[in-house]
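The values are calculated or read from the model by the stated rules, or taken from the named source; none is laboratory data. Just so it is clear, the model here is predicted, and its values are computed rather than measured. Every residue, glycine among them, receives a Cβ derived from its backbone with ideal geometry; neighbour counts consider all protein chains shown. Note: areas computed on protein heavy atoms with side chains; ligands, DNA, RNA excluded. Shrake-Rupley method; radii C 1.70, N 1.55, O 1.52, S 1.80 Å.
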Amino acid sequence: MTTFDRMTDYFPPTPSPPSETETLAESPIMSSFKEANIVPNGAAPPNTETTGVEGAPGRMSLKLSHLPSKKDIKAPWPRTPSSIDPNNPPWPAFRGYHTYSFAHATMGHRLPTILGKAIDDVILTLNQESEEDRIVDLIKCIERMDTLKTELQEHAKLRPIIDDGEADVPLWNKEIAKYFQGKDFMNAPWLFAEAYKYRRLRECFSVSKYWQTYDVFFRQKCDTFSRSYEAVFELSMRFAEPWRHRDGLTDEQRLEEERLMFMELTQICLWGNSTDLSLLINMTEEQIKSLQSTGGEALSATEKNILGNHMNRLWEIVRDLRETTGGRIDFVLDNAGFELYCDCVYADFLLQSGLAKEVRFHGKRYPWFVSDVTKKDWSWLLNSMTYGHLFPVATEEEKESLRRMGRRWKQYESEGKWVYEQHPFWCTGYTFWDLPSEAPDLFLHLSRSDLVFFKGDLNHRKLTYDCAAPPSTEFEIAIGPMASAAGAPKICSLRTIKSDVVVGLGPNGDELAERLDKEEEGWKISGKYAVVLVSEGRPGEKVRFA
Ligand code: F6P
Ligand code: MG
């Protein structure tokens with residue numbers, strides 16, 4: 001069974017978003033809501049019941065021949081800026097109660113499964129523990145996880161986060177109080193409800209005495225990297241030595257050589273995102289290998305799967321960094337292990353080529369969406385490359401290539417050329433439309449970057465407010481203030497498509513998406529397609545906060 005089969009066999013295709021010209025009542029997304037007896041954005045289901053009295057007539061039908069004819073009303077999407085809030089995104093939100101949607105499959109099936117596996121992991125740890133106090137404390141963590149699983153399955157209301165000393169507590173509780181009072185796991189927007197689940201999982205441990213920093217996904221993350229050995233050495237054998245130009249090239253040829261390298265490494269960094277653990281539970285080694293193929297031929301074949309492709313513009317931006325700016329590039333990271341390794345190979349090239357002088361990596365403060373990078377994952381990668389014995393079957397040359405790269409990367413860190421950061425905002429339920437207002441310090445910090453890469457699906461969902469914007473929507477419109485606010489940096493989203501929101505497909509994007517809906521069930525969640533989208537932002541302008 002392929003990943004694709006596995007993912008589609010428990011839910012039918014996701015409804016496509018309404019186009020800007022469609023009225024809401026006529027849109028495909030609305031008709032699927034109607035089937036499920038639901039309306040978007042949290043309103044109560046319409047009452048469609050009949051009288052229930054046996055023999056009573058069904059419905060009255062009036063003849064309305066003297067009323068004015070129906071008007072061609074435009075859909076109210078996108079909402080006006082002042083009416084947008086976390087419960088009311090610019091276009092219709094995805095919510096867990098949309099029965100035939102990935103949101104529903106995730107909230108109803110995938111998240112309980114992920115929690116169940118997390119409990120198994122803790123039990124494994126429990127069985128290896130000898131100290132009574134620690135055992136008793138860990139059992140309480142498991143009990144809290146059980147409670148969370150039950151709440152999730154019973155669609156419980158979202159309660160405030162307990163004050164566990166984390167820096168994000170006020171952000172969470174403010175958002176719950178302002179926008180999600182009385183909302184539950186299924187009727188809150190999917191993005192918020194899913195993020196909330198990971199925050200609650202964190203709480204299961206953060207209130208404990210001995211297990212505050214325990215990562216229920218750590219074993220999985222390490223294991224997947226260890227199983228990626230072919231692709232790992234494919235890259236380390238090429239990049240063990242710092243990259244340099246071939247001898248005897250003209251300036252023009254050197255630039256072209258650099259451009260070609262940049263294009264291929266951008267794709268490696270992009271497709272590294274398809275091995276995300278939350279989707280690839282139980283993947284075979286063969287399946288992982290085919291997803292991680294880094295060969296040139298495979299890459300040119302995969303370029304046609306980049307449905308919104310701004311790579312040429314991206315190259316122009318990066319090429320000009322050397323001359324025009326200080327060359328600071330930021331990565332808002334996604335997944336640990338192989339994806340992080342690809343990000344680092346890419347960042348390494350950007351430094352070696354002189355295109356960038358400094359790279360800042362932004363990770364999560366605690367375990368998040370299964371495979372996201374935490375500080376521990378970051379250190380684990382660099383240290384196990386340098387000192388570890390992860391790949392017993394590798395040749396001495398292969399092991400040495402990995403060690404050399406690991407040592408170089410650690411050196412970058414100690415020289416301050418690579419900096420790892422973990423702002424609390426990255427682990428909140430807010431989308432990045434709210435980044436300037438909810439995390440002004442972070443926005444100001446990012447505004448000083450020359451280019452910010454956002455890696456992966458979740459970051460893309462957060463950039464685009466995770467709502468049913470038409471696929472032809474321009475990326476810069478879809479990301480709102482992150483493009484339009486004064487001082488917004490240049491942004492590039494490198495994302496393999498693994499969930500419903502799809503924008504930036506160009507003027508014919510709606511037709512393209514419609515065709516894929518018909519021809520390739522599940523194309524929005526398979527990770528087979530991708531986007532590389534650039535926003536020019538308003539760099540250099542003074543950042544102002546209202
Ligand atoms: O659970 C769904 C989801 O949030 C999807 O958006 C995506 O498939 C996955 O989890 C996370 O993907 P990524 O690691 O690329 O952000
Ligand atoms: Mg992730």
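Dividing the convex hull volume of the alpha carbon atoms of region 355-440 by its residue count gives 134 Å³ per residue.
For region 165-232, the gyration tensor built on C-alpha atoms gives an oblate shape. Its axis ratio a/c (a ≥ b ≥ c) is at least 1.5, and a/b is not larger than b/c. Sorting the segments 439-446, 243-250 by their mean number of nearby beta carbons within 10 angstrom, highest to lowest, gives 439-446, 243-250.
In terms of accessible area, using a 1.4 Å probe and ignoring ligands and nucleic acids, ARG448, ARG515, ARG544, ARG319 rank largest first as ARG544, ARG448, ARG515, ARG319.
About the centre of its Cα atoms, region 406-470 shows a dipole size close to 380 debye [charges on the beta carbon of Lys, Arg (+1) and Asp, Glu (-1) only; nearest 20 debye].
Straight-line reach from LYS410: taking Cα to Cα under 29 Å and skipping same-chain neighbours fewer than 8 places apart, the lysines in range are LYS221, LYS289, LYS357, LYS364, LYS375, LYS376, LYS399, LYS455, LYS490. The Cβ shell under 9 Å around LEU270 holds other residues with a net charge of +2, Lys and Arg each +1, Asp and Glu each -1. Rolled with a 1.4 Å probe across the full set of protein chains, the surface gives TYR210 an accessible area near 80 Å². Over region 206-274, with the other protein chains present, what is the accessible area per residue in square angstrom, probe 1.4 angstrom? Value for region 206-274: 50 Å² per residue.
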